[in-house]
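**Student:** Got a structure here, written out as structure tokens. Questions coming.
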Amino acid sequence: MKQKKYIKIEEKLGAHNYHPLDVVIKKGKGCWVWDVEGNKYLDCLAAYSAVNQGHCHPKIYKAFIKQAKKLTLTSRAFRNDKLPLLYEKLHKLTGYDKFLPMNSGAEAVETAIKTARKWGYKVKGIEPNKAEIIVASGNFHGRTTTIISFSDDPSSYENYGPYTPGFQIAKYGNLEDFKFKVNNNTVAILVEPIQGEGGVIIPPKGFLKGLEVICKENNILLIVDEIQSGLGRSGKLFAYEYEDVKPDMVIIGKALGGGFYPVSGVLGTNETLGVFEPGTHGSTFGGNPLAAAVAMAALDVIIDENLVERSFELGEYLLKKLKKIKSDKIKEIRGKGLWIGLELNEPARPYVIKLKEKGILVKDTHETIIRIAPPLTAKKKHLNMLAKKIKDVLMD
């Protein structure tokens, strides 16, 4: 079936909650994807960093198939033989005491919010139903009703009220504003160390360290959302490592499933995740044996193939190449690791479409920004190709 037919069916029968490029992908391998008509593209979005390990990685595939043949789901009513091993692997890798597994990134964010509130009531002694969490302007943490309640992007929150209370928005990168927003009911600060959906927005140096100081001085929790920035995307295992801080909770997802399965969760201390008692929070699918097996394989690939180090080195390489492009259409180029925001002085969508026609898949955001995030398995030859095609469309 031709692409136009697939697109026609999708436009007619699917809700229009996305504005995808008109490419119908049928197959993926490593950094490459193919459409239904056999055209080949270099994937430079990596499913919003969910396939940092590349498409259909053979080691993750092997683990997926092996576990799928044995046991996929027990629910958390029973124990399984894979989840404890995932806990152990994450503890050794990150140093955090505990992990609470979920499925989607948004579920993990909701879990962190619930944890912070319960910690506020049980440990800090906040008056019931008064807990507040400070978030950042320009944030993106997901699409649930609670999460969009603290968004400042009208496309996320308009027409979805009434909104969940208990949040204050401080200016991203502005420590004084965060400090000003703290009050006796504040239980946590929740931020992305680098704002991905916002267009790879990097805060001023010292911002996260400053937030850590504010949190310690006021007995509140520091929560970082590393769903996109974590697991190597930013050139570190976690982006917070650039500031030498230790958050109280770290939200992870996307690449934790290696593109095979939705896996997410919250890393935390004994004090934070220790607030839960049996029956107070959970998920039927969260922590299932298939998810745990996939997550362990996904983590092994990141470590065994040095994808964190590759991201740092190749990110620097690509950033330098892109900054050599001289064009009045470019407003700013910024990035950490293999995660780059190319901001233009005009709408980005036409250039994204032109790049698609040249065999490069990227995505526009916030009207004028092109997000670039190839799998961390990319090679220099792929990045050379990418930089050349970007230069061609901008100079055309």
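**Student:** Pick from G28, G161, G14: which residue has the top mean-square fluctuation in a GNM of the chain where Cα pairs under 10 Å get a spring?
**Tutor:** G14
**Student:** Run the numbers on the chain and let me know its relative contact order in percent, using alpha-carbon pairs under 8 Å that are six or more apart.
**Tutor:** Numbers: 780 pairs, mean separation 90.9, N = 396.
Relative contact order comes out at 23 percent.
**Student:** Also, quick follow-up: From Cα pairs below 8 angstrom and at least 6 apart in sequence, can you work out the relative contact order of segment 104-183, rounded to a whole percent?
**Tutor:** It comes to 29 percent, rounded to a whole number.
**Student:** I've got another one for you. So what's the angle, to the nearest 10 degrees on a 0 to 90 scale, between helix 380-395 and the longest Cα principal axis of the chain?
**Tutor:** The angle comes out near 70 degrees.
**Student:** Oh, and also: Sort R79, R349, R371 so the one with the fewest other Cβ atoms within 10 Å of its own Cβ comes first. Spell out each step's value before the answer.
**Tutor:** Values: R79 11, R349 15, R371 26.
In order of increasing Cβ crowding within 10 Å: R79, R349, R371.
**Student:** Springs between alpha-carbon pairs under 10 angstrom, Gaussian network model over the chain: which of A50, A68, A106 fluctuates most?
**Tutor:** Of A50, A68, A106, the most mobile in the Gaussian network model is A68.
**Student:** Any of K363/K389; K205/K326; K326/K379; K29/K381; K356/K380 with alpha carbons more than 18 Å apart? Name them for me.
**Tutor:** Numbers: K363/K389 15 Å; K205/K326 27 Å; K326/K379 24 Å; K29/K381 16 Å; K356/K380 20 Å.
Over 18 Å apart, Cα to Cα: K205/K326; K326/K379; K356/K380.
**Student:** Taking K89 as the anchor, which lysines have their alpha carbon closer than 20 Å to its alpha carbon, excluding any fewer than eight residues away along the same chain?
**Tutor:** Within the straight-line cut-off, K89 pairs with K59, K62, K66, K98, K236, K246, K254.
**Student:** Sticking with this one: Enter the Cα centre distance for the pair segment 56-95 and segment 2-24, rounded to the nearest angstrom.
**Tutor:** Spelled out, the Cα-based centre of one part sits 34 Å from the other.
**Student:** Provide the packing ranking of 274-280, 223-229, i.e. peptides ordered by the mean count of other C-beta atoms within 10 Å per residue, highest first. Don't jump to the answer; show the numbers that get you there.
**Tutor:** Details: 274-280: 11.9, 223-229: 28.6.
Final packing ranking: 223-229, 274-280.
**Student:** Another question, if that's okay. Relative to the longest principal axis of the chain, what angle (0 to 90°, nearest 10) does the C-alpha long axis of helix 83-94 take?
**Tutor:** So the helix axis and the longest Cα principal axis differ by about 80 degrees.
**Student:** To check you understand DSSP bridge types, tell me what percent of the beta bridges within the chain (both residues inside) are antiparallel, rounded to 5.
**Tutor:** On the way: 30 of 46 bridges.
The antiparallel proportion sits near 65 percent.
**Student:** Using +1 at the Cβ of each Lys and Arg and -1 at the Cβ of each Asp and Glu in the chain, identify which of F99, P193, N80 lies farthest towards the dipole's positive end.
**Tutor:** Of F99, P193, N80, it is N80.
**Student:** Hey, what number do you get for the chain at 222 nm if only DSSP H runs of n ≥ 4 count, each worth -39500 (n - 2.57), divided across all residues, to the nearest 500?
**Tutor:** Details: 14 runs with 144 residues, N = 396.
Mean residue ellipticity at 222 nm (helix-derived): -11000 deg cm²/dmol.
**Student:** Still on this structure: Just to verify a number: FRET efficiency for S75 and Y163, C-beta to C-beta distance, R0 = 25 Å, to 0.05?
**Tutor:** Rounded to the nearest 0.05, the efficiency is 0.20.
**Student:** Return a whole-number percent for the relative contact order of segment 143-257, with Cα pairs under 8 Å and 6 or more residues apart as the contact set.
**Tutor:** Dividing the mean separation by the residue count of segment 143-257 yields 20 percent.
**Student:** Here is a further query. When the Cα centres of segment 224-279 and segment 326-396 are compared, how far apart do they sit, in Å?
**Tutor:** Result: 28 Å between the Cα centres.
**Student:** In Å, what Rg and Dmax follow from the Cα atoms of the chain?
**Tutor:** Rg, Dmax (Cα atoms, Å): 21.0, 62.
**Student:** How would you rank V51, V191, going from fewest to most other Cβ atoms within 10 Å of each one's own Cβ?
**Tutor:** Sorted ascending by nearby Cβ count, the order is V191, V51.
**Student:** Something else now. For the chain, what is the charge dipole size about the Cα centre, in debye to the nearest 20, if Lys and Arg each add +1 at the Cβ and Asp and Glu each add -1 at the Cβ?
**Tutor:** Value, rounded to 20: 1560 debye.
The numbers here are math on the coordinates, done by the rules we state, and not lab data. All figures in this text were calculated on a predicted structure; none of them were measured in a lab. Cβ coordinates were reconstructed from backbone atoms using ideal geometry, including for glycine residues, and neighbour counts include every protein chain displayed.
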